[in-house]
Amino acid sequence: MVWKTLLMRRTGQHKRPVFPTLKEGQLALTWIGHASFLLQFNDLNALFDPNFANWLFLLKRVKRAGMKIEDLPPIDLVLLTHAHFDHFHKPTLRKLPSPKLAVMPWGMGDLARGLGFERIIELKWWETLTHGDLRVTLTPSKHWGARTLRDAHRGFGGFVVEHQGRSVYHAGDTAYSEGFKEIGKRCKPEIALLPIGAYMPDELRRVHMGPDEAIKVFKDLGSKWFVPMHYGTFRLSFENMDEPPRWLNELAHQNGITRHVRMLVEGVPAIF
Ligand SMILES: [Zn+2]
Ligand SMILES: [Zn+2]
């Protein structure tokens, strides 16, 4: 699997992003690739799980990041869902432009020290960080937190970010569980960023999900927008790289929700 990827030519282009001018109450999401997103309001720039790596050890990035790290605006807030190498990428974090605050699940703070953050905050599930009308809540997920062999104490989860009357949910890595109904009930996230890749072979579904289960999650949440992620960038599993978005499209048709699925193009800001 690794060798096949080594020989694959890397696709995709860095774009020089044209960031929109946002009005109060508008937000823009730019997919960087994999689980990485830039979330912008007119007074806030936040990143989810930023990773601009071309290599994760021997694992090759098969599609370029949608933009260069140098083209990021100054970052107020960095949200890190868990310590796995495809989500918590130290070389990327070290290079972020003046990152002020990093928020992450319990047991991860030591990894973030010395990377340039002004402040590091750890949350437990359902804990909320508030700052003015900004609310960041750590939500449960069905996954695991260990980065290496001896650090099973590290937490994991997803984030709901609420600001200016809008809300965005990044699920992190997760399998399907009944728990999403509770996230829907408590947080009613309007925009759901949901992973749809890394589900083959079947055992991976204990910690990840495919488009079929992600659609169930979307319904459980009661969200308005479904933005798929965690596919097409790193080959972490055995499904074909282009299968997750294709299958999601089919299922969206069958379920009559095509209008609600927004597949972002890496490096192109989408206004919501
Ligand atoms: Zn993970
Ligand atoms: Zn992952």
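Anisotropy class assigned to region 163-257 is prolate, per the alpha carbon gyration tensor with a/c at or over the 1.5 cut-off and a/b larger than b/c. When all alpha carbon pairs of the chain are counted in 10 Å bins from zero, the resulting P(r) reads 7, 32, 40, 19, 2 %. Straight-line reach from K142: taking Cα to Cα under 28 Å and skipping same-chain neighbours fewer than 8 places apart, the lysines in range are K60, K63, K90, K124, K181, K185, K188, K216, K219, K224. Please compute the net charge surrounding W106, taking Lys and Arg as +1 and Asp and Glu as -1 over other residues with Cβ under 13 Å from its Cβ. Spelling it out: positives minus negatives among the neighbours equals -2.
The charge dipole of the chain, taken about its Cα centre with unit charges on the Cβ of Lys, Arg, Asp and Glu (plus for the first two, minus for the last two), comes to roughly 540 debye.
Note on region 75-189: Cα-Cα pairs beyond 25 Å make up 19% of the total pair count. All other residues whose Cβ lies under 15 angstrom from that of W31 are scored, Lys and Arg at +1 and Asp and Glu at -1, for a net of +2. Close amide-amide hydrogen proximity is noted between I121 and A102, V103, M104, each under 5 Å apart and 5 or more residues distant or on a separate chain (H modeled in the peptide plane; Pro and chain starts excluded). Counting only aspartates and glutamates at least 8 places from K95 when in the same chain, those with an alpha carbon closer than 17 Å to its own are D49, E70, D71, D76, D86, E118. The DSSP beta bridges internal to the chain are antiparallel in roughly 60% of cases.
Counting only DSSP H runs of at least 4 residues, each contributing -39500 (n - 2.57), and dividing by the residue count of the chain, the helix-based mean residue ellipticity at 222 nm comes to -4500 deg cm²/dmol. Among the chymotrypsin sites (Phe, Trp or Tyr not before Pro) within region 1-95, those in coil by DSSP and having at most 10 neighbouring Cβ atoms inside 10 Å are F57.
Values quoted throughout were computed directly from the atomic coordinates according to the rules given, and no laboratory measurement underlies them. All of these numbers come straight from a predicted model, not from anything done at the bench. Note that we place each Cβ from the backbone using ideal geometry, even for glycine, and neighbour counts take in every protein chain shown.
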